[in-house]
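Asker: Sharing a structure below in structure tokens format, with a few things to ask.
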Amino acid sequence: MPWIQIRINTSGELAESIGDHLSETGAVSVTFVDAKDTPVFEPLPGETRLWGDTDVIGLYDAITDMKSVVAQLQEQPELGPDFTHKVEALEDKDWEREWMDNFKPMRFGQRLWICPSWHEAPEPDAVNVLLDPGLAFGTGTHPTTALCLQWLDGLDLSDKQVVDFGCGSGILAVAALKLGAQHCTGIDIDPQALTASRDNAGRNGIEESRLDLYLPNDQPDNLQADVLVANILAGPLRELAPLIAGLVKPGGRLALSGLLKEQNDELRKIYSQWFELDDTAVMEDWCRISGTRR
Ligand SMILES: C[S@@+](CC[C@H](N)C(=O)[O-])C[C@H]1O[C@@H](n2cnc3c(N)ncnc32)[C@H](O)[C@@H]1O
């Protein structure tokens, strides 16, 4: 089905209301794109994080009268009669098909593959996690997730108790369980993440009893992990450091991800109070700090 899109460059403050106007004029989807291509992390639940120099893109059915759409938008106070915009016809392709084609199985480390459910596993005997893009963060394509998956792949997880702190889609929890962990506890501030993790575990044939999911503070008081992986931002990693360290058994392993290169030194200093740290691993702008609890 052919489509037509309008692209409006604006500031972060105005982007959301302009997006609403695009929906009001019949856009079937509205996307916010960082016009400067700066790294952007996922918003917290209930938060809409927009950034300076934002492109707002509205997608319309090709039969839409775009002159009328533009005329309606010109009446909005945030835009006015001379607002800058670009209207583009999109090639007639099967967009859903194309998106699916672009999401391919990916290997992490030696044994672990993340495969979309519509793709055949390239190595049926490998450790294959079936995962489709969804609402909660975590399909493996983000470097912060990739760094954690590689780390988990390199561990012997047999019979281990794992904590996935900030579980999102549950990708790391499911990967750990498929790599042989006995049990995993997933924790997330977003209830939607807990639902997604439960669904993804089910889709991967994980028995319910092997995965417990909690909102922060609801987890059992005596929770102790052999392995803890936390892919959250530097801010929570800093603020929650004593709590996170306290969840790891002496001799247990820790990986922290979601921090940028410039945040590495500060986070290493904090966690070296409790952990013997390995060298930091780096992927693009992102770092992973790992270590062993003293
Ligand atoms: C970057 S995503 C990681 C998802 C997944 N673990 C992965 O590696 O792809 C971070 C997740 O941490 C959650 N989160 C952020 N702050 C948190 C906090 N203070 N406590 C628990 N979860 C938190 C977010 O809701 C989000 O689902």
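The values are calculated or read from the model by the stated rules, or taken from the named source; none is laboratory data. Computed from a predicted structure; not experimentally measured. Heads up, the Cβs are rebuilt from the backbone with ideal geometry, glycines too, and the neighbour counts pull from every protein chain shown.
Asker: So is VAL162 within 13 Å of the ligand (Cβ to nearest atom), under 20 Å from ASN128 (Cα atoms) and outside any helix (DSSP H, G or I) or not?
Answerer: yes
Asker: So which of ASP212, ASP199 is part of a helix (DSSP H, G or I) and either out of contact with any Gly (no Cβ under 7 Å at 6 or more places or on another chain) or farther than 23 Å from LEU243 by Cα (or both)?
Answerer: Answer to the check: ASP199.
Asker: Those residues that are in contact with a strand residue (DSSP E or B) (Cβ under 7 Å, 6 or more places away or on another chain), away from the ligand (no atom under 14 Å from the Cβ) and modelled with pLDDT under 95, I need them from segment 219-272; list them, please.
Answerer: Correct list: LYS261 only.
Asker: Within segment 1-25, track down each residue that is assigned to a loop (DSSP other than H, G, I, E, B) and surrounded by 15 or more Cβ atoms within 10 Å (Cβ to Cβ).
Answerer: Scanning segment 1-25 gives a single hit, THR25.
Asker: Checking ALA176 against (1) within 9 Å of the ligand (Cβ to nearest atom); (2) under 23 Å from ALA281 (Cα atoms), only one condition comes out false. Which one?
Answerer: (1) is the only condition that ALA176 fails.
Asker: Is segment 10-23 home to any residue that is more than 27 Å from the chain's Cα centre (by Cα) and modelled with pLDDT of 85 or more?
Answerer: Yes, that holds for at least one residue.
Asker: I'd like the full set of residues that are aliphatic (A, V, I, L, M) and surrounded by 17 or more Cβ atoms within 10 Å (Cβ to Cβ), limited to segment 242-259.
Answerer: ILE244, ALA245, LEU247, VAL248, LEU254, ALA255, LEU256, LEU259
Asker: Name every residue in segment 160-205 that is touching a strand residue (DSSP E or B) at 6+ places or on another chain (Cβ under 9 Å), surrounded by fewer than 22 Cβ atoms within 10 Å (Cβ to Cβ), modelled with pLDDT under 95 and over 27 Å from GLU239 (Cα atoms), in order of residue number.
Answerer: ARG203, the sole residue that qualifies.
Asker: Right, TRP274: under 25 Å from the mean Cα position of the chain (by Cα) and in the same structural domain as LEU152 (by TED's automatic domain parsing) or not?
Answerer: No: the conditions fail for TRP274.
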